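Below you'll find the structure, written out as structure tokens, and then a few comments.
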Amino acid sequence: MISPSLLSANFANLEKEMAWFNQSSADWLHIDIMDGVFVPNISFGFPVLEHVARICNKPLDVHLMIVQPEKFINEVKALGAYIMNVHYEACPHLHRVIGQIHEAGMKAGVTLNPATPVSVLEDIAADLDLVLLMSVNPGFGGQKFIPHTLQKVVALRQLLERTGSKALIEVDGGVNLETGRQLKAAGADVLVAGSHIFSAPDPAAACKALSEL
Ligand code: DX5
Ligand code: ZN
């Protein structure tokens, strides 16, 4: 599946972006929320996203790069989000937060930074709907893919099988046709792509090419 990242969209013309997006082969819309604390950048907040959610007809894949993401479960739910991803590194009480996301009626995902090993998920994997592996250091679009992520995808697949988890494996950062093909071969289920899709002369065609890998 493909989850194009809104971070690389033209924010001055979101209606136009959503027009091609809604007709495209994309499966989800990836939404990167940043707070300038957990990551060294600020993206957009709920007032903007309420408008986007209204004109987007695909499931919202929300990636919170913020401290204390549990404070915003109700806001993410109010957007109509399909899945809420919180960072492992931002949640000392991860098991509680995953339970709260499920209670709110959303799918729950945990995101790992590049330096965080997949082994930290051993005791929570069975409770997760998705694991999002960062293949760049979060905070910015357009960065270079970290090749070690491929080994993490393989190790994560083994961990999910061992723990009886049905979680999907999603990868975020530096995805293009080449790295996308490698990730698919390694066992990734969902690819996030920002600049590769939104900077393309024909974003819908770029999205379709990734879908067909
Ligand atoms: C980075 C974000 C990504 C970003 C990916 O912190 O989490 O979702 O939009 O952008 P590209 O695909 O350009 O690396
Ligand atoms: Zn993201």
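The values are calculated or read from the model by the stated rules, or taken from the named source; none is laboratory data. Given the structure is predicted, the values throughout are model-derived calculations rather than measurements. Here Cβ is always computed from backbone atoms with ideal geometry, including for glycine, and neighbour counts include all displayed protein chains. Accessible surface areas use protein heavy atoms only, side chains included; no ligands, DNA or RNA. Shrake-Rupley method; radii C 1.70, N 1.55, O 1.52, S 1.80 Å.
Before we move on, is S165 within 15 Å of ligand 2 (Cβ to nearest atom) and hydroxyl-bearing (S, T, Y)? Taking the combined requirement at face value, the residue does not satisfy it. Filtering region 1-38 to residues that are over 15 Å from the mean Cα position of the chain (by Cα), open to solvent by less than 10 Å² (accessible area, probe 1.4 Å) and of a type in the set (A, V, I, L, M) leaves only M18.
Filter region 91-110 for residues that are of a type in the set (G, A, S), out of contact with any helix residue (DSSP H, G or I) (no Cβ under 6 Å at 6 or more places or on another chain) and not in a strand (DSSP E or B) and give the result.
We begin by selecting, within region 91-110, every residue of a type in the set (G, A, S); these are 99, 104-105, 108-109.
Filter once more, so that each one left must be out of contact with any helix residue (DSSP H, G or I) (no Cβ under 6 Å at 6 or more places or on another chain): 99, 105, 109.
Result: G99, G105.
Among all positions in region 83-105, there is at least one residue which is over 30 Å from P47 (Cβ atoms) and either within 13 Å of ligand 1 (Cβ to nearest atom) or over 17 Å from the mean Cα position of the chain (by Cα) (or both).
When you look at P147, is it open to solvent by 20 Å² or more (accessible area, probe 1.4 Å) and in contact with a Lys or Arg (Cβ under 9 Å, 6 or more places away or on another chain), yes or no? Full working, then the answer.
Details: open to solvent by 20 Å² or more (accessible area, probe 1.4 Å): yes; in contact with a Lys or Arg (Cβ under 9 Å, 6 or more places away or on another chain): no.
No.
The residues in region 110-128 that are more than 15 Å from L159 (Cβ to Cβ) and either buried (at least 18 other Cβ atoms within 10 Å of the Cβ) or among the aliphatic types (A, V, I, L, M) (or both) can be counted, and the count is 2.
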